[in-house]
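**Student:** Questions regarding the structure given below will be posed in turn.
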Amino acid sequence: MHLVLRDSLCPGGVGLLIPRTRDGRVLFVLPFQGRTLVGTTDQVCAVDEATAVTQADTTYLIEHLQHWFPGFSAEAISASWAGGRPLIQPAGGASSSRVVREHEVETLPCGLISLLGGKWTTCRSLALDALRVIGGHQPSAQPLPLLGAAATAAQTRPALQQLREQLAAGIPGGSDQADHLIGSYGLRARQLVDEAPDRCDLEPLSGVVPLSRAEWRFNHRHELARSSDDLLQRRSRIGFLDQAEAERLAAPAAALLDELKSASPRSHQPNP
């Protein structure tokens, strides 16, 4: 489980580590998009409870924070979420805090290959290990520009800086909105702005993240956003920063999507 705090507890943007909790774990306190991210808990749970934020886990994190930050108040929490991580249980059993956090690629005599353990941030190494088992060799890495980058890394940085200056001078939210668009879309931020039907569509809708209707249109047209959760949780991540603000924006986000779907009967097809 993780908490997001409105307060900034990280001096100079430096992450902090609480080295030992009462049950022998560690906690991190990290800068997170202008706020503070605190995590994490480690409890065995059923699969259908893996995304449930419990009061017990919330209290656990709050109590340890208050030990190191006596002025911290639970009222500073703006968002929280939880997720499950598969761990490989060793023979004989062990507490979750003692289970090794590595993944394994298992091959059975029948030929079945299973990927066990792992997490999102290690998915590449897990995939490479699986390919080695399947093909018997290490595949060679090939450079692949990220969506929104230029052809090379050397070209990307100056192009992004030039675009940021251009956007900051021409969009309603100025440099803050430009930073958000560049950080989220890279060089595609120019396309997003150019496709806005008018300047009003670029007006920021929130003081937490400078979202705009133009951005939502872009998410729908080019990124297959089809629900308000797509817009507020999976594209902008505002729901991971401030759940109350995401709830406030849910109705206008849904209304715009309905409008876009009505205007485009084949809106389920991605735009090339």
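Rule-based calculations on the coordinates, nothing more; no lab input. Nothing here was measured: the structure is a model prediction, and the numbers come from that model. As a convention, Cβ positions derive from the backbone with ideal geometry for all residues, glycine included, and neighbour counts pool all protein chains shown.
**Student:** Could you derive backbone 3J(HN,Hα) for segment 139-145 from the dihedral phi with the Karplus parameters 6.51, -1.76 and 1.60 (θ = phi - 60°), listing whole Hz in sequence and x where the residue is Gly or Pro?
**Tutor:** Whole-Hz 3J(HN,Hα) from phi for segment 139-145: x, 7, 6, 10, x, 9, x.
**Student:** Now, a different point. Given H placed on each backbone N at 1.01 Å, which residues far from Gly173 in sequence or on other chains put an amide H within less than 5 Å of it?
**Tutor:** Excluding prolines and chain starts, which carry no amide H, there are no hits.
**Student:** Quick check: residue separation of Glu259 and Val133 times 0.36 nm, minus the Cα distance between them. What number comes out in nm?
**Tutor:** Gain in length upon complete extension: 40.4 nm.
**Student:** Residues with amide H under 5 Å of Phe32's amide H, sequence separation 5 or more or different chain, H placed in the peptide plane at 1.01 Å from N; which?
**Tutor:** Here Leu37 satisfy the definition.
**Student:** Using 0.36 nm per residue, how much length does the chain from Arg248 to Gln162 gain when fully extended, once their Cα-Cα distance is taken away? Intermediate results must be reported in sequence, preceding the final value.
**Tutor:** On the way: separation 86, 0.36 × 86 = 30.96 nm, distance 3.40 nm.
Difference between extended and current length: 27.6 nm.
**Student:** How large is the dipole of segment 2-81 about the Cα centre if only Lys and Arg carry +1 and Asp and Glu carry -1, each at its Cβ, rounded to the nearest 20 debye? Could you put the intermediate results ahead of the total?
**Tutor:** Numbers: 5 positive and 8 negative charges, 66 e Å.
Computed about the Cα centre, the dipole is about 320 debye.
**Student:** Also: Counting only DSSP beta bridges with both residues in the chain, tell me the antiparallel percent, nearest 5. Mind dumping the intermediate values first?
**Tutor:** Details: 20 of 20 bridges.
About 100 percent, rounded to the nearest 5.
**Student:** Oh, and also: What is the chain by shape, rounded, prolate or oblate, if you read a ≥ b ≥ c off the alpha carbon gyration tensor as root eigenvalues and call it rounded for a/c under 1.5, prolate for a/b larger than b/c, and oblate otherwise?
**Tutor:** Numbers: a/c = 1.79, a/b = 1.28, b/c = 1.40.
The shape class here is oblate.
**Student:** Suppose every Lys and Arg Cβ carries +1 and every Asp and Glu Cβ carries -1, with no other charges. What dipole size does the chain come out with about its Cα centre, to the nearest 20 debye?
**Tutor:** Numbers: 26 positive and 29 negative charges, 130 e Å.
Value, rounded to 20: 620 debye.
**Student:** What percent does the relative contact order of segment 153-263 come to when contacts are Cα pairs within less than 8 Å and at least six residues apart?
**Tutor:** Numbers: 108 pairs, mean separation 19.3, N = 111.
In percent, rounded to a whole number, it is 17.
**Student:** Using a Förster radius of 30 Å, what is the FRET efficiency between Arg199 and Ser8 based on their Cβ-Cβ separation? Nearest 0.05, please.
**Tutor:** It comes out at approximately 0.40.
**Student:** Between Ala50 and Arg234, what is 0.36 nm times their sequence separation minus the Cα-Cα distance? Round to one decimal in nm. Let's see the in-between values first.
**Tutor:** On the way: separation 184, 0.36 × 184 = 66.24 nm, distance 1.86 nm.
Extra length available between Ala50 and Arg234 comes to 64.4 nm.
**Student:** Collect residues whose amide H, placed 1.01 Å from N in the peptide plane, falls under 5 Å from the amide H of Ser78; neighbours closer than 5 in sequence don't count.
**Tutor:** Residues meeting the amide H criterion: Val4, Leu5, Arg6.
**Student:** Output the 0 to 90 degree angle, nearest 10, between the alpha-carbon long axis of helix 174-185 and the longest principal axis computed from the alpha carbons of the chain.
**Tutor:** Helix 174-185 sits at roughly 50 degrees to that axis.
**Student:** If you line up the long axis of helix 213-222 against the longest principal axis of the chain, both from Cα atoms, how many degrees apart are they, to the nearest 10?
**Tutor:** 70
**Student:** Hey, what angle do you get for helix 123-135 against the long axis of the chain, alpha-carbon based, 0 to 90 degrees rounded to 10?
**Tutor:** Orientation of helix 123-135: about 70 degrees from the principal axis.
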